Amino acid sequence: MASKNDEFLKKLLATFRVEADEHLKAMSSGLLELEKTAAGMQQTELVEKIFREAHSLKGAARAVNLTGIESVCQSLESVFAALKGGQLVVSAPLFDLLHQAVDAAGRLLAPDGSASGVLQPAIMELIRRLDGALKGPLPDPEMPALAPPAQDFSPVPVPAAPAEPPAATALRTPAPAASLVSETVRVSTAKLDAVMRQVEELLSPRLASGQRARELRETSAALAAWKKERARIQPALRVVERTLERNHRVNGATKEQQELPKLLEYLDGESHHMKTLEDRLASLARSAEHDQRTLAGMTDNLLHDVKEMHLLPFSSLLEIFPRLIRDLAREQAKEVELVVQGGEIEVDRRILEEMKDPLIHILRNCIDHGLEKPAAREQEHKPSRGTITITISQRDSGKVEILVSDDGAGIDAAQVKSAARKLGIVSPEEMDQLGEQEAIALIFRSGISTSPIITEVSGRGLGLAIVREKVERLGGTITLESRHDAGTSLRIVLPLTLATYRGVLVRAGEQLFVIPATTVERVTRVADKDIRTVENRETIPLDGQTVSLVRLSDVLDMPRRNAAGEPGVNTQAVVLSLGAVRVAFRVDEILGEQEVLVKALGPQLARVRNVAGASVLGTGQVVPVLNVPDLMKSAVKPMTSSLGLVAAEKSAATKKQSILVVEDSITARSLLKNILESGGYHVTTAVDGIDAYTTLKTGAFDLVVSDVEMPRMDGFGLTEKVRSDKQLAELPIVLVTALGSREHRERGIDAGANAYIIKSSFDQSNLLEVIARLI
């Protein structure tokens, strides 16, 4: 009996978590809307709505005996009751506290309830502050609090919650009119994914049945050809038969001649057996084709329905972004408005999950690098509040487009070129030939950043590189447009679903490959006379443009089947396009287009260059599915930049770089010295800013690592002193400090620091990575 009760309680808690998550999302979005709404009837309605959500959540928490959530909701109810009655007015400190309370309630939804004890002190502190909000005026969070401790609105440190339980998704199923059954049911996404995998596996027998039907048709055709050949020699058999009969009458028959009529008699009867076999084979072919059509129809319908179950409105992903943007904007003293258009468009849930982090990277870049502060925007005659717009629209051929744009300062092409030149990604000759938009596109390369300083969240040049890699892994494309002082736009095109897709089957040498059809612009035949060599590369004319032509076997490091080629013979080629890049790949044969199911290669082959996965054909043959972004990079890989990087690495290896560590704490100074020496650097130490500046004037150093809070001269003062010295002005400076507020980071930028690392998020690899980027 106890085990049954435990099982029931477990199911009840799982149901509660889903319900509580909905209440918390509604409360969070309601608070964000309330912040934007002026006093009036709409504000009253919003307060009432959030009040009801808190009340419902409190009742549900009481039913499952989660007293922590119940207590938080009780205090929230008191605050909203005071707002309704006019005893309390909305303010920025109050909103900060209410958001903290909603976050804390969400962290209490741990599957095993283990977070309750850890969070209890923080929850009690939040409840105390919520109750204190009802007793008097609220302090300004930007000014020193003069009120009693009960009204202190500084953020409450809340430990991170354990991993969330498997999510559930709502399946829309039409209910009959006047039915008392709910129109939706909740199904674990794990179960839904398992059903999708099983349905996708039906593609293999479907392809196999099509292959069997084709083989039967080919066998019938072969039998028909044999029958025709048999009919062609029938007159010759009759001539042989008449000759034997004439010889028998004249000379008599030998023993061998007596056996020959038996053979002729068998051959005459063979036509009857052949007709029977032909009819039987034709019947089997018709049955196989019927079964193949039936299986294909059932598979397509089932796959379509399960895909529909996986579709969720894009707005379900965007729910977290208003709060994210609010917090990032407040942290940087900026005013930002988020506008969403087309959130009702439905996309595969798996794509939404994969795109969550890339979109967070993009939005953070919009706020960090794109949008200016209110004073700067007003000087440019722009509204003080910047705008970020996310527009989702559906394209043809089962694709969705995500356009993220801001009205900020845009990307400085000169800064991007400078960063690329420092990293040696592009040679000076190639850099001079790049247009503005081509130079801006370099921002997708790993390591390139236009941030004036490296911090724990920006300046490392990895964000957009990660975004591009994730988008391309999903089978999509990403392009960027930017205009000075007019903003930046990122356009992402993705498939609507991640299930089966169309692929072009090609042969290079003796090996078959599948190329995703979404990236195939066209297939074509190219006459050898049209192939030209430009800068040691083969090219072909295409739509008035010159397009690079490469052998697929060469890109994949395979031996050529016919290296010399035959003059005057047309070459088959597949033209692939990715963004603005087009490349034609020579293949030995194009076998056609078909639906394929891509399988991962497994953890042992998690990342194989040029290969995205594998697919099984109807014949049972396993065929590699090519990774088009990798193919494009392999086909047009620059040689000059790689040579430049090798030369730079050899030059760096000949000189041991010297670093000055400035730290007043002997423990921290010893730790930093040990880390840097283990990284291969020569380290000198100083105890404060004045000591460091004197050391810099008497020695040669490649970089300075400095604390901020020090006697006599702090890190900010040292940075300003170095920047004002003509001999030392270009020396890289990394500030490592416990001061993590926005004001301190901005002061570090103004002073001229190259990197600002917070000690709370400090680790050895982090520091060494930053130093390697700067010297």
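FRET efficiency for the pair V581 and S658, taken as 1/(1 + (r/R0)^6) with r the Cβ-Cβ distance and R0 = 56 Å, rounds to 0.85. Rounded to whole Å, the principal axis extents of the Cα atoms in the range 292-401 read 69, 23, 18, largest first. Label sites at E521 and R421, each approximated as a point 7 angstrom past Cα along Cα to Cβ, lie 3.1 nm apart.
If you plug the beta carbon distance of K275 and R197 into 1/(1 + (r/R0)^6) with R0 = 60 Å, you get a FRET efficiency near 0.80. Take the alpha-carbon positions of the range 378-420, form their convex hull, and give its projected area averaged over all directions (one quarter of the hull surface) in nm². Over all viewing directions, the range 378-420 projects a mean Cα-hull area of 5.3 nm².
Which FRET efficiency value, to the nearest 0.05, do you get for R723 and L324 by plugging their Cβ-Cβ distance into 1/(1 + (r/R0)^6) with R0 = 30 Å? Each step should come with its number before you reach the end.
Working: r = 34 Å, r/R0 = 1.14.
Plugging the Cβ-Cβ distance into 1/(1 + (r/R0)^6) gives 0.30.
Here the accessible area is traced with a 1.4 Å probe on the protein chains. For the range 690-771, carbon and sulfur cover 49 percent of it. Put a dot 7 Å past the Cα of D528, heading toward its Cβ, do the same for V622, and the two dots end up 3.8 nm apart. Charge dipole (Cα centre; +1 on Lys/Arg Cβ, -1 on Asp/Glu Cβ; no other charges) of the range 470-548 amounts to roughly 240 debye. Here the extension length gained between A81 and T694 equals 214.3 nm, from 0.36 nm per residue of separation less the Cα-Cα distance. Amide H contacts of G342: I392, each under 5 Å away and 5 or more positions distant or on a separate chain (H built 1.01 Å from N in the peptide plane; Pro and chain starts excluded).
Amide H to amide H distances under 5 Å link E538 with L549, where only residues 5 or more positions off or on other chains count and H is placed in the peptide plane. Evaluating 6.51 cos²θ - 1.76 cosθ + 1.60 at θ = phi - 60° for every residue in the range 486-497, the Karplus couplings come out as 10, x, 10, 10, 10, 10, 10, 10, 10, x, 6, 9 Hz, glycine and proline recorded as x. Pairs K25/K58; K36/K382; K191/K307; K25/K373: which exceed 25 Å Cα-Cα? Checking Cα-Cα distances, K25/K373 exceed 25 Å. For T189 and H682, the difference between the fully extended length at 0.36 nm per residue and the C-alpha to C-alpha distance is 172.1 nm. For the pair Q234 and A376, the difference between a 0.36 nm per residue extended length and the Cα-Cα distance amounts to 41.4 nm.
To the nearest 10, the accessible area of H682 is 100 Å² with a 1.4 Å probe. Taking 7 Å steps out from each Cα toward its Cβ at T44 and Q437 produces label points 5.3 nm apart. Solvent-accessible surface of the range 286-347, taken per residue with a 1.4 Å probe and all protein chains present: 51 Å².
The values are calculated or read from the model by the stated rules, or taken from the named source; none is laboratory data. Everything quoted here is computed from the prediction, not taken from an experiment. Virtual Cβ from ideal backbone geometry, glycine too; neighbours counted across all protein chains shown. Heads up: the accessible areas ignore ligands, DNA and RNA and are worked out on the full protein's heavy atoms, side chains in. Shrake-Rupley method; radii C 1.70, N 1.55, O 1.52, S 1.80 Å.
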